[in-house]
Structure formats: C-alpha cells, structure tokens
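Q: Can you read through this structure? Questions will come right after.
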Protein chains: 4
Amino acid sequence: MYKYTVTPKFGDIDGLGHVNNTIIPGWFEQARNRIYGYFNPELQFKNWNLILARFEVDFVSQMFYHADVEIHTYVSRIGRSSFEVYQEAWQNGILCTKGKTVLVHFDFKEQKSQAIPQAIRQMLEMHLTSDQTVSVN
Amino acid sequence: MYKYTVTPKFGDIDGLGHVNNTIIPGWFEQARNRIYGYFNPELQFKNWNLILARFEVDFVSQMFYHADVEIHTYVSRIGRSSFEVYQEAWQNGILCTKGKTVLVHFDFKEQKSQAIPQAIRQMLEMHLTSDQTVSVN
Amino acid sequence: MYKYTVTPKFGDIDGLGHVNNTIIPGWFEQARNRIYGYFNPELQFKNWNLILARFEVDFVSQMFYHADVEIHTYVSRIGRSSFEVYQEAWQNGILCTKGKTVLVHFDFKEQKSQAIPQAIRQMLEMHLTSDQTVSVN
Amino acid sequence: MYKYTVTPKFGDIDGLGHVNNTIIPGWFEQARNRIYGYFNPELQFKNWNLILARFEVDFVSQMFYHADVEIHTYVSRIGRSSFEVYQEAWQNGILCTKGKTVLVHFDFKEQKSQAIPQAIRQMLEMHLTSDQTVSVN
C-alpha cells in the first residue's frame, strides 16, 4: 500500500457542500500514477499498454473542502493480464470512499491483452492487500 | 427508459485518443437530471433529498470525439428508500459503456433514509428495466 | 452567430450554489465544436491544426442548476493565421458570462503558424460580430 | 509569491498529448486555496465572502503528463474591495501558462462588495509582485 495526498479545490464541492461523487474517479486515477509508471516508466502515451476495464466506487462518508484527503492504494488481485487496484479515500481520519478499478495489460497494436511481465508483477505484489492491511473491503 | 444525448468536447478525450474514463460518471449524472427532477421538481439544493451511495461503470468499447453519445437511462431496482439506475452510453450504434448507480432518498435534517413516496415510485416505475428493453445487464 | 445549448449537471454547481467558474471554459470549448469542424471536418486528432493561445472570461451574473444555458458563439476577429472567438452564456434571458478565445491555425509538423485558408475564412466570416449582433463586448 | 505543486493526471491530457487548456483554471483555483484561507480561515461555505469576477489565461508552452507542475502565485493588485492574483505554471523549468484572476470581497447577505479588511490586506501584500519577482507579466 502507498499513500498519496490530494487537496480538494473549491470547484470539487457541489451544491450539497461536499465533494461531488464524479470527482473521485479522477482522484483515484491520480493516485494510480505510480502504478502506471511501473508499466510505462516515462509515462509516454505512444507506448501506452494499459486499458481501464471497470471501476466501482462506494461512498461511505462525506468529504469536505477544508482538509486534505489521503488516498491509500493497494493491489487487490493480479491475474495473467489484468489486475485490480483497491483504493480508499480518508479525510480527518475517517474512511470516506473506497473503490476498485480493473486494468488490463494491453497491446494496442495487436489489439489484445497480454501477460503482465514478471518484473512488473513483482512491483504490483509489493502493494498486495492482506487481511492485516485492508480495513474495509 | 429515456434517452439523453451528450456531445463529447475536445478536452473529454485523453492521450489515448478516446473519451477518458473519468468523464463518464458526469455524463451519467447529467442524464439523471430527469430522475432528480422527480424528487426535486425545482432542482433546488436547499430541499435536496437524495444521496448517491455507489456507482459502478464497465467500459466495453471506446468512445471518440467526432460523434454524439446517446445515454439510455433505466431504473433497475426500486427498494423502500433506495433505488438503482442502470445506464448505457451508445455511440455510432455501439454499446460503449454501462453503469449502475445506487441512490437513497434521504432526509438531511434527520440524517436518515426515508421511504420513497408512492407518487415518485410510480414515476420511477415508468423506466423499469425488463428483459425486453435491457440489452446488456 | 450560432447558438448551442448546454445543460448544467449536478456537479457543475459549487458550494455557493451556482455554476463554478472553472466549468465555463469547457462549455465554451464544447460550443466551439462547430468551428473546430471547419478546420477538421472529421474531428480527428492526427491531422489537428489548431492551437489555443489564450482565453479570458468575465463573470457577469450567476448561473444555476435548474435551467439550460444557451451559448452564443461569434467570431470577433480574423487575422492571417489566428482568430478570436467571442462567446456569451445566457440563462433565463440573462447574460451571465462572456469570454474571448484566441486560436491559431498551426502546422504541428513544421511547428509554426500557417495562414487560414480562404475557404475556412469564409466560414468564419459567417459568424463575424457586428454592432448589431453583439450585445456586450 | 508562494509555490504549489500539482501532479497532472492521466485524464488531464487531451488528444493532442498535452494538458488540456480547460484544466488550468482548476489548477490555479487549487493554488489559491491559501489566499481563500486568508478570507475564510475555516474554508466554510456558509460565511463565504469572495466572488470571482474574471480570469484570463495565456498558454505559452505545452505541459505534459510525465512531470509535476509548479504553480507560482502572486498578488498583482490590491484595490479597495477587489484584488488580482497573478499565477504561473512551470514544468521542467519552463514557464508554460500564466493567468490573472480578479476576486472581489463580497457580502452575500447585503449583495454588495465590501472593503478588504486591513489584516487581510497585509497578508495579501506579502505576495505582491515586484519587478524583481515576476518573470513575465
């Protein structure tokens, strides 16, 4: 698991006074930059090799404007070509939002999924969830 | 089911040349305006009575800049106080993205869920999915 | 001048209950799709030939969630290689926001500006502002 | 002047491979959080006392996905009730974008502008531009 801090901005807050739900996928995406870097160390688009297949987000508690949000990022499953990232957003010590994202290692030229290389797999395994680390799942 | 058309804008496209995944929850939210109007005909925030509890989105096929996207909105489940909206995004006759969103009828003053009134329930039921209408679920 | 209608979505509203200022450049961008089509009829990125050099936006009156917004798009200046788009956002018959955007016809391979072709110039001229049409400038 | 670092996220990049222009007002807004805190130390909306009247942004050089962006924030003018913030976005040592935003100290109950209190004025003055500090204006 690794932590990444995001700062809510004024416009992230909606008419109900809390962070709008549509903001969260972007925050989780931002916190996945490190994982994207495992697959594309230069973060260049021309050799990009990941596809986002699915995400789901649960809104547990409201988040507000006045405090930073800490994103906790885990890898919750590693398959042959796909893997799942589990993320939590914490504010003021409260778990506010959690989500899962499925990504696929993809060969855009061949237009098909490809096995995750062993070296990348080992980097992903560093962040694997365990009963000890995941507070909610 | 009802249809709502969105037009991709230049900035919705990401470095891979297709609509970025984080854009979709906003499009689905926009297409739910009609449902929000069942609960709040004036769309005023001071009496707002809905909470978004969860969404999930599956990315089936890419969407691009050059053509409008048609959002199909169904109600896929109606409970006592919560209901689920099922939505599809179609472009050029292809189902590209589908998602489910769970909303809860909520009393913000009492801070608890409340039963969906019968009159609203009937409006939601007009859009209930059936084996005939939902292409994918 | 041509008109384009946008529908505010729930998350476009900020904690002050009105459309957040950062939303407007995206609405104006969306309304410029027609102009982008003059330069790139297929709206394909690989031959894209426009650069956005500058924009400015004045916030005159608040916009809210409950009503559509009509964007009026004019061409306010045409130079050799650059041109300026002037846009207004109206809601409920009130001019709420106005802005100017400078775009440059650009050759990405040569990395330099290029003259606007005559055929495109004529299309732009159809939308030129005049004292009669521009209510505020 | 103070510095604030933002990290581009995947979806901030558009089909041309660089940060989309509509992203910048949000980054500048985020970097103004400190100034907003001078006026509203708790960053609570119910007593909010600022209105954004205008912004302008110049795009000097492209920004990309792979490196952090440093926002430099200055106060470039302080009037009776309004003030102007001047901001620059730097990436890899290159000035990429600069902008000005006009904000007004506003009494929402009375619906009129109000003088900037002396204590806040002094905090704003700490960030005043000078010939020495502003590289471009």
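Q: What is the Cα convex hull volume of the stretch C:54-137 when expressed per residue in Å³?
A: Numbers: hull volume 9.7 nm³, N = 84.
With only Cα atoms used, the stretch C:54-137 gives 115 Å³ per residue.
Q: If you scale each eigenvalue of the Cα gyration tensor by 5 and take the root, what three semi-axes come out for the stretch B:1-105, rounded to whole angstrom and sorted largest first? Intermediate results must be reported in sequence, preceding the final value.
A: Values: eigenvalues 135, 41, 30 Å².
So the equivalent ellipsoid measures 26, 14, 12 Å along its semi-axes.
Q: Shifting gears a bit: What's the longest piece of chain B with no exposed trypsin sites (Lys or Arg not before Pro), counting a site as exposed if DSSP puts it in a loop and it has at most 16 other beta carbons within 10 Å? List each step's numbers first, then the result.
A: Numbers: sites that count: B:Lys46, B:Arg80, B:Lys109.
Excluding the exposed sites themselves, the longest stretch runs over B:1-45.
Q: To one decimal in nm, how far is C:Val60 from the same spot in the other copies, if labels go 7 Å from Cα toward Cβ? Please give the shortest first.
A: With the label placed 7 Å along Cα→Cβ, C:Val60 yields 3.2, 4.4, 4.8 nm.
Q: Could I ask something else about it? Given +1 on the Cβ of Lys and Arg, -1 on the Cβ of Asp and Glu, and no further charges, what dipole in debye does the stretch A:18-137 carry about its Cα centre, rounded to the nearest 20?
A: 400 debye
Q: What is the residue of chain A with the smallest Cβ distance to the axis taking A onto B, and what is that distance in whole Å?
A: Here the nearest residue and distance are A:Glu56, 2.
Q: Put a label point 7 Å from Cα along the Cβ direction on C:Lys109, then list its distances to the equivalent points in the other copies in nm, shortest first.
A: 2.2, 6.6, 6.8
Q: Distance between Cα centroids, the stretch A:1-18 to the stretch C:86-115: provide it in whole Å.
A: Rounded to whole Å, the Cα centres lie 30 Å apart.
Q: How long are the semi-axes of the equivalent ellipsoid of the stretch B:22-74, defined as square roots of 5 times the Cα gyration tensor eigenvalues? Whole Å, largest first.
A: Details: eigenvalues 133, 35, 17 Å².
Working through the eigenvalues yields semi-axes of 26, 13, 9 Å.
Q: The protein assembly as shown: D in µm²/s via Stokes-Einstein (Kirkwood Rh, Cα pairs, 25 °C, 0.890 mPa s)? Kindly include the intermediate steps, with their values, before the conclusion.
A: Values: Rh = 24.7 Å.
Translational diffusion coefficient: 99 µm²/s.
Q: Taking a 31 Å limit on the Cα-Cα distance, which of the listed pairs A:Lys3/D:Lys3; B:Lys3/D:Lys46; B:Lys98/C:Lys100; B:Lys109/C:Lys9; B:Lys98/C:Lys112; A:Lys112/D:Lys9 fall beyond it? Don't skip to the answer; put the middle values down first.
A: Values: A:Lys3/D:Lys3 22 Å; B:Lys3/D:Lys46 37 Å; B:Lys98/C:Lys100 37 Å; B:Lys109/C:Lys9 24 Å; B:Lys98/C:Lys112 42 Å; A:Lys112/D:Lys9 25 Å.
Distance filter (> 31 Å) returns B:Lys3/D:Lys46; B:Lys98/C:Lys100; B:Lys98/C:Lys112.
Q: Restricting to DSSP loop positions (anything but H, G, I, E, B) with no more than 11 other Cβ atoms inside 10 Å of their own Cβ, which GluC sites (Glu not before Pro) remain in the stretch A:70-125?
A: Values: sites: A:Glu70, A:Glu84, A:Glu88, A:Glu110, A:Glu125; in loops: A:Glu110.
Listed in order of number, the matching sites are A:Glu110.
Just so you know, all these numbers are worked out from the coordinates, no wet-lab data involved. None of these values were measured; they are calculated from a predicted model. Here Cβ is always computed from backbone atoms with ideal geometry, including for glycine, and neighbour counts include all displayed protein chains.
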